[in-house]
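Structure record follows, encoded as structure tokens.
The values are calculated or read from the model by the stated rules, or taken from the named source; none is laboratory data. Everything quoted here is computed from the prediction, not taken from an experiment. Counting neighbours? That spans all protein chains shown, and the Cβs are built from the backbone with ideal geometry, glycine included.
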Amino acid sequence: MDRPPARQEHLPSNLRPAVVPLPPQILQTLRSIVGPEHVLQDPEDLLAYGIDGTWVEREPQVVVLPSSAEEISAILKLANAERIIVTPRGSASGLSGGSLPASGGISLSLTRMNRILEIDTGNAVAVVQPGVITGDLQAAVEQVGLFYPPDPSSLSVSAIGGNVAENAGGARCLKYGVTNDYVLALQVVLPTGEIIRTGGRMVKNVTGYNLRALFTGAEGTLGVITEITLRLLPKPRYALTALAVFPRLENAAEAVTHIMQTGLIPASVELMDQTTVQCVEALLHIGLPLEAEALLLFAVDGNYEQTVRAELETIADVCRTKGAAEVRIAHDGEESNRLWKARRSVSPALARRRPNKLGEDVCVPRTAIPAMVRAVREIAARHQLLIPVFGHVGDGNLHPNILCDLRDAEEMRRVRLAAAEIFEAAITLGGTLSGEHGIGLLKKEFLERDLGAAQVAAMRRIKAALDPQMILNPGKIFPTGQSDW
């Protein structure tokens, strides 16, 4: 597969301009806080911690790996005193540039804080550190008959702390909600170094401001999350999957709105368009129908097998009525897993089609899904771009991925125009810029168009109140008047 030519950051370390190190006394203080082996300065380390799931590259001046809230508190107090920016970082699977330094400073990696501290079956909660991998948490709680529903496609690599910081979603959000719906309590280190706890294990809690909701989705700009208490549910006893094949993409989008009008709430409704299907089949070779313009993948779960099967049959009937050429209902868990593997393989499959891709993340009301799909197709045709569409169509969260080549300046000009028009279409249809990936570096210039000047100004005041020196993850979310890609 073709790759872009080496950018400056990709050059061998002896040919790249050296990152200016922090003063020796500051580095020595950092070593005294976390231990010398947990302060990284080698060029290859700085390069590794300067990338994430996007194509943006921003190297820090130093990488620090703390192991406790107390160590993070000491680091932030030092950063405030010395005016050094600090960028929290989890597994760096994010798609908006949120864990990349705006400009040098300290990359604060939370990967050492990776323990499941407690699974409390009596209160149905899990207490975890931010570096716990989402899939590992899911597996651990399911061993005791409990269930953590949020399931981002990156669950095998993404960390819970990042999920909370971005308010991550996933395929099961339609029925179960997003990460914020499961955060009961947080321990947070404020930008000025104070350690606070907000929330608890209670079902009901309306004491004071809901700060745990404020920190959830704040993209690491208001505090460093160091401990998370998550609400768990009883694990459903049965789960079944169905695949509907549509000759026309518009019919698939329309079928979703009609399914929701039946009163059923599937656990998941996922869309893959024809280009997406072709790329996944080329990667996995599992017999997906290449001629279909769209596939819909449904999951239904519950405690009674007969009810689950009846709901899937109702969904199948609606799909057939709306033009599905075929509906397959998985016979067992193994067949269901094969189908879901196809959906979770979309991103790596698309990466094989072109050297680069811009993975977008708009969300619209369900009734606007057909119009949004038509808008993306029109934008792609007008700008002569390949834009596969997939996503969590049941909750209106679509992922138009613009496939491109960073080496082609003219194509990248069209990519920028297309992305802006996709955002504008989503907002015009009553939607928003992001359903789960966040704003970060890549969408901040569009924030005011979505939220309005007064709301953005209020957000800035909150940021200034909690982070007066503006040292914690600056340069994210808020418009700066210049593009970062």
message = So, A126, is that one crowded, with 20+ Cβ neighbours inside 10 Å, at pLDDT 95 or above, part of a strand (DSSP E or B) and out of contact with any Lys or Arg (no Cβ under 6 Å at 6 or more places or on another chain) or not?
response = yes
query = How many residues does segment 73-105 hold that are within 24 Å of the chain's Cα centre (by Cα), over 18 Å from F478 (Cα atoms) and not small (G, A, S)?
reply = 1
query = Within the group S103, S99, S67, which residue is free of Cβ contacts under 8 Å to residues at least 60 places away in the same chain, touching a Lys or Arg at 6+ places or on another chain (Cβ under 8 Å) and not assigned by TED's automatic domain parsing to the domain that holds E166?
reply = S67
request  = Give the residue, chosen from A310, A330, A316, that is under 13 Å from L240 (Cβ atoms), of a type in the set (G, A, S) and in contact with a Ser or Thr (Cβ under 6 Å, 6 or more places away or on another chain).
outcome  = A330
message = If I go through segment 323-373 residue by residue, how many of them are assigned to a helix (DSSP H, G or I) and among the hydrophobic types (A, V, I, L, M, F, W, C)?
response = 12
note = Note on segment 378-413: residues over 24 Å from the mean Cα position of the chain (by Cα) and surrounded by fewer than 17 Cβ atoms within 10 Å (Cβ to Cβ) are E378, A381, R382, Q384, R407, D408, A409, E410, R413
task = Test L222 against the criterion of being out of contact with any His (no Cβ under 6 Å at 6 or more places or on another chain), surrounded by 23 or more Cβ atoms within 10 Å (Cβ to Cβ) and in contact (Cβ under 8 Å) with a residue 24 or more places away in the chain, and give yes or no.
result = yes
inquiry  = Quick test of your reading of the structure: S158 fulfils all but one of (1) closer than 30 Å to Q469 by Cβ; (2) among the polar types (S, T, N, Q); (3) at pLDDT below 95. Name the failing condition by number.
reply    = (3)
ask   = How about segment 163-181: which of its residues are surrounded by fewer than 24 Cβ atoms within 10 Å (Cβ to Cβ) and either of a type in the set (D, E) or touching a Cys at 6+ places or on another chain (Cβ under 9 Å) (or both)?
value = D181
request  = Scan V164, V188 and give me the residue that is in contact (Cβ under 8 Å) with a residue 24 or more places away in the chain and either touching an Asp or Glu at 6+ places or on another chain (Cβ under 8 Å) or part of a helix (DSSP H, G or I) (or both).
outcome  = V164
message = For the list (1) closer than 30 Å to S347 by Cα; (2) hydrophobic (A, V, I, L, M, F, W, C); (3) modelled with pLDDT of 95 or more, I need the number of the one condition that I26 fails.
response = (1)
request  = Go through segment 279-290 and give me each residue that's surrounded by 19 or more Cβ atoms within 10 Å (Cβ to Cβ) and not in a loop (DSSP other than H, G, I, E, B).
outcome  = C279, V280
task = Among the residues of segment 35-63, write down those that are in a helix (DSSP H, G or I) and either buried (at least 20 other Cβ atoms within 10 Å of the Cβ) or not hydrophobic (A, V, I, L, M, F, W, C) (or both).
result = P36, E37, H38, P43, E44, D45, L46
inquiry  = Would you confirm, using the coordinates I've provided, whether G263 is outside any strand (DSSP E or B), touching a residue at least 60 places away in the same chain (Cβ under 8 Å) and at positive phi?
reply    = no
